[in-house]
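Worksheet: the structure to be examined is printed underneath.
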Amino acid sequence: MDAEHVGLREIKKQMTRDAIATAALKLTEQKGLNEVTVDEIAREAFVSPRTVSNYFASKEEAVLAAGDLGIEEVLEEFNSRPSEDPPLKALCELLSDYAREHPEHLRGASKMARLEHLNPTLRPFRIAREIEMVEVLSARVAARTGTNVTTDLYPSMVASAAMSALITSLAIWSCKELPDESLPSLIQDAFNMITAGYPLDRESPDPARTPV
């Protein structure tokens with residue numbers, strides 16, 4: 001099979017996956033996850049129940065896929081950054097740029113916190129996904145810095161801090177219903193707080209401000 005056919009097949013698979021995830025999210029928002037069946041998701045996505053099961057092991061996985069952070073491209077670009085740049089500095093810049101360029105995608109991801117409150121069975125699946133992202137990022141940091149992801153604290157601490165900065169910024173952005181342009185500044189403020197040692201600044205910048 002030539003490269004073009006392989007590419008088209010992968011695109012079709014991704015479109016099917018996205019359709020199933022979107023259907024699962026829509027139905028969950030309408031009636032609650034406990035009331036949603038795989039058969040209903042399949043009908044909404046115009047696929048068979050077997051296809052749903054082939055893509056997702058559970059309803060929860062399908063719903064969370066619709067709110068995936070989608071930062072894989074950030075992780076790929078992180079690998080190409082100059083190795084002399086401190087990892088947290090590089091991640092701050094990359095995640096801020098991603099938030100600036102893809103606010104609509106992150107707005108969808110930020111909805112997951114509210115949805116999880118109404119559908120608690122989503123929580124362990126969300127936590128597992130976040131742990132997976134931290135593990136992937138830890139390996140990237142270790143490779144970049146020449147540290148050992150198994151025996152050194154550094155790569156996992158950096159990865160955990162970066163993901164915490166992103167997820168906390170998203171939660172505040174969504175909770176306060178701030179404008180799209182405020183998210184990059186929130187992320188930058190979160191990283192600044194981390195690198196400064198978490199000082200308590202009672203006159204911290206207004207997260208609703210528009211970046212310069």
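Across the chain, the mean sequence separation of Cα contacts (distance under 8 Å, 6 or more residues apart), normalised by length, yields a relative contact order of 18 percent.
Across the chain the C-alpha pair distances fall into 10 Å bins from zero in the proportions 8, 28, 32, 24, 8, 1, 0 percent. Taking GluC sites (Glu not before Pro) across region 130-180, the ones in a DSSP loop with at most 16 further Cβ atoms lying within 10 angstrom of their Cβ are E177. When you filter the chymotrypsin sites (Phe, Trp or Tyr not before Pro) in region 13-64 for DSSP loop state and at most 13 other Cβ atoms inside 10 Å of their Cβ, you are left with F46. Pairwise Cα distances in region 111-183 exceed 17 Å for 54 percent of all pairs. The helix-only estimate of mean residue ellipticity at 222 nm for the chain, built from DSSP H runs of length n ≥ 4 each weighted as -39500 (n - 2.57), is -22500 deg cm²/dmol after division by the residue total. How far, in degrees from 0 to 90, does helix 183-195 lean away from the longest principal axis of the Cα atoms of the chain, to the nearest 10? It works out to around 50 degrees. Under the criterion of Cα pairs below 8 Å and six or more residues apart, the relative contact order for region 109-204 equals 21 percent. Mean separation of Cα pairs under 8 Å and 6 or more residues apart, divided by the residue count, gives region 21-68 a relative contact order of 48 percent. Per residue, the accessible area of the chain comes to 58 Å² when a 1.4 Å probe rolls over the protein heavy atoms. Taking the accessible area of region 2-119, probe 1.4 Å, and keeping the other protein chains in place, the carbon and sulfur fraction comes to 52%.
The GluC sites (Glu not before Pro) of region 1-102 meeting both criteria, a DSSP state outside H, G, I, E and B (loop) and at most 15 other C-beta atoms within 10 angstrom of the site's C-beta, are E84. Averaging 1/r over each pair of different alpha-carbon atoms in region 151-205 and inverting the result gives 12.1 Å, the Kirkwood hydrodynamic radius. Taking the 0 to 90 degree range and rounding to the nearest ten, how far is the long axis of helix 153-175 tilted relative to the main principal axis of the chain, both from C-alpha atoms? Approximately 70 degrees, to the nearest ten.
The values are calculated or read from the model by the stated rules, or taken from the named source; none is laboratory data. Note that the structure is a prediction, hence the values are computed from the model and not measured. Neighbour counts are summed over all protein chains in view; Cβ atoms, including those assigned to glycine, are modelled from backbone coordinates with ideal geometry. Quick note on the areas: whole protein, heavy atoms, side chains included, nothing else; ligands and nucleic acids left out. Shrake-Rupley method; radii C 1.70, N 1.55, O 1.52, S 1.80 Å.
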